[in-house]
Amino acid sequence: MQYNNFHYFIIAEIVAHITKEPYPVYVKSHILDPVGMTSSTYNHTLASTTGRLSGSFVRADKNATRCAEMWSKHDKLDRSCYGQLFETSFFTKGNGLFIAGPGGLVSSAKDVVRGQSSPHTLMVLMR
């Protein structure tokens, strides 16, 4: 068995069908806004144009086998084991709204704290 997020696409469509609102609109108006998460959005284009979407980076071009051997023999690594740092584009093309169900929410650290610490979060989710 392997992990799969496909069921979240289905759940988002069910929410949209029942509420007659697109899933991102429903979540914003019924969950995010009531707990004060006003910087959070499913729209990656909006997040990018407002400066609220950070770039992503990956380290590549490293020989993990050689580095593991080096670590086991010397307990230290040389700089080549860190690999080359490359900037990558965000994981979606376009506004990202199509992946809202399985986890396309872009949020600030402040909003995450607001959502977790708000006494209203559980009540909003239980409505």
Subject >> Output for region 49-68, where each listed residue is closer than 26 Å to M37 by Cα, free of Cβ contacts under 8 Å to residues at least 24 places away in the same chain and either of a type in the set (S, T, N, Q) or surrounded by 10 or more Cβ atoms within 10 Å (Cβ to Cβ) (or both) >> reply: T49, T50, S54
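What number of residues within region 1-14 are in a helix (DSSP H, G or I) and free of Cβ contacts under 8 Å to residues at least 24 places away in the same chain?
2
Mind checking which residues of region 99-117 are among the polar types (S, T, N, Q) and touching a Pro at 6+ places or on another chain (Cβ under 7 Å)? Walk me through it before giving the result.
Taking region 99-117 and keeping what is among the polar types (S, T, N, Q), we get 107-108, 116-117.
Those that are among the polar types (S, T, N, Q) and touching a Pro at 6+ places or on another chain (Cβ under 7 Å): none in region 99-117.
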Subject >> Of the criteria (1) modelled with pLDDT of 90 or more; (2) within 27 Å of F86 (Cα to Cα), which one I14 fails >> reply: (2)
Original post:
Here are some conditions: (1) within 24 Å of the chain's Cα centre (by Cα); (2) loosely packed, with under 11 Cβ neighbours inside 10 Å; (3) hydroxyl-bearing (S, T, Y). S72 meets all but one. Which one does it not meet?
Top reply: (1)
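D75: at pLDDT below 75, outside the structural domain of H44 (by TED's automatic domain parsing), farther than 30 Å from H30 by Cα and of a type in the set (D, E), yes or no?
Numbers: at pLDDT below 75: yes; outside the structural domain of H44 (by TED's automatic domain parsing): yes; farther than 30 Å from H30 by Cα: yes; of a type in the set (D, E): yes.
In short, yes.
Looking only at residues in region 108-120 that are under 24 Å from H44 (Cα atoms) and surrounded by fewer than 18 Cβ atoms within 10 Å (Cβ to Cβ), which one is modelled with the lowest pLDDT? Give the steps one after another, and end with the answer.
Start the filter on region 108-120 by keeping residues that are under 24 Å from H44 (Cα atoms), which leaves 108-116.
Applying the additional criterion that residues be surrounded by fewer than 18 Cβ atoms within 10 Å (Cβ to Cβ) yields 108-110, 112-113, 116.
Values: S108: 84, A109: 85, K110: 88, V112: 86, V113: 87, Q116: 81.
The selected residue is Q116.
Consider region 25-72. How many of its residues are among the aromatic types (F, W, Y), in a helix (DSSP H, G or I) and either at pLDDT 80 or above or closer than 17 Å to K110 by Cα (or both)? Spell out the reasoning first.
Initially, region 25-72 is screened for residues among the aromatic types (F, W, Y), giving 26, 42, 57, 71.
Adding the requirement that they be in a helix (DSSP H, G or I) leaves 26, 71.
Subsequent filtering for residues that are either at pLDDT 80 or above or closer than 17 Å to K110 by Cα (or both) retains 26.
Summing the residues that are among the aromatic types (F, W, Y), in a helix (DSSP H, G or I) and either at pLDDT 80 or above or closer than 17 Å to K110 by Cα (or both) in region 25-72 gives 1.
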**OP:** Read through the list (1) modelled with pLDDT of 80 or more; (2) small (G, A, S); (3) over 30 Å from S118 (Cβ atoms), then give the number of the only condition that S89 fails.
**Re:** (1)
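The values are calculated or read from the model by the stated rules, or taken from the named source; none is laboratory data. Here the structure is a predicted model, which means the values were calculated and not measured. Quick reminder, even Gly has a Cβ in these numbers, built from the backbone with ideal geometry, and neighbours come from all protein chains shown.
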